[in-house]
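Read the structure below first, then the notes.
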């Protein structure tokens, strides 16, 4: 995965574990660590700039030990005045004048043949401010075929399994075609005994 950059809506900053991408890099000796989706950690070894295209240079990119991916933070792009548009087949980054500066292909695109065959899911948060009802996180589920999305608001990531269970069972009752697989970022809310047993009992790939 060292040659692929992934647009990540849940990532707080741009980061990579591959030094070759940096056009400039300042090594740091701080004790800052990044927590991964599986609750592992990687130390921030430096901060620098990465050129993604002739028109887009990412600033303040963290060089993180043991990180196997290259992640582009949606929130950091928005803070810097860029606009991010998700379209079928591509994710487009535009500057303040709405000029296209970079286009990233979607990661892990898979061919499906009917709604409900494959679901993508991820959690977002914590938000900077809780909602009126005290929710800090969101669970986003996207159907690979139709791109239809479900959004569930949560007080903690531990609630994700309950929402996934209810949604999957409801979709199985509403559709005559079998659900085949679930894809996630393998975070702790998706990699646990409850989730794995549920997928195994229903014959779902994960």
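In table form, for the structure just shown:
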{"quantity": "Residue check for residue 100: at pLDDT 85 or above, assigned by TED's automatic domain parsing to the domain that holds residue 57 and surrounded by 16 or more Cβ atoms within 10 Å (Cβ to Cβ)", "calculated": "no"}
{"quantity": "Among the candidates 171, 165, residue that is surrounded by fewer than 16 Cβ atoms within 10 Å (Cβ to Cβ) and at pLDDT 85 or above", "calculated": "165"}
{"quantity": "Search result, residues across segment 189-202 that are buried (at least 17 other Cβ atoms within 10 Å of the Cβ) and touching a residue at least 40 places away in the same chain (Cβ under 8 Å)", "calculated": "189, 190"}
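The values are calculated or read from the model by the stated rules, or taken from the named source; none is laboratory data. In this text, all values refer to a predicted model and were calculated from it rather than measured experimentally. No Cβ is skipped: glycine too gets one built from the backbone with ideal geometry, and neighbour counts run over all protein chains shown.
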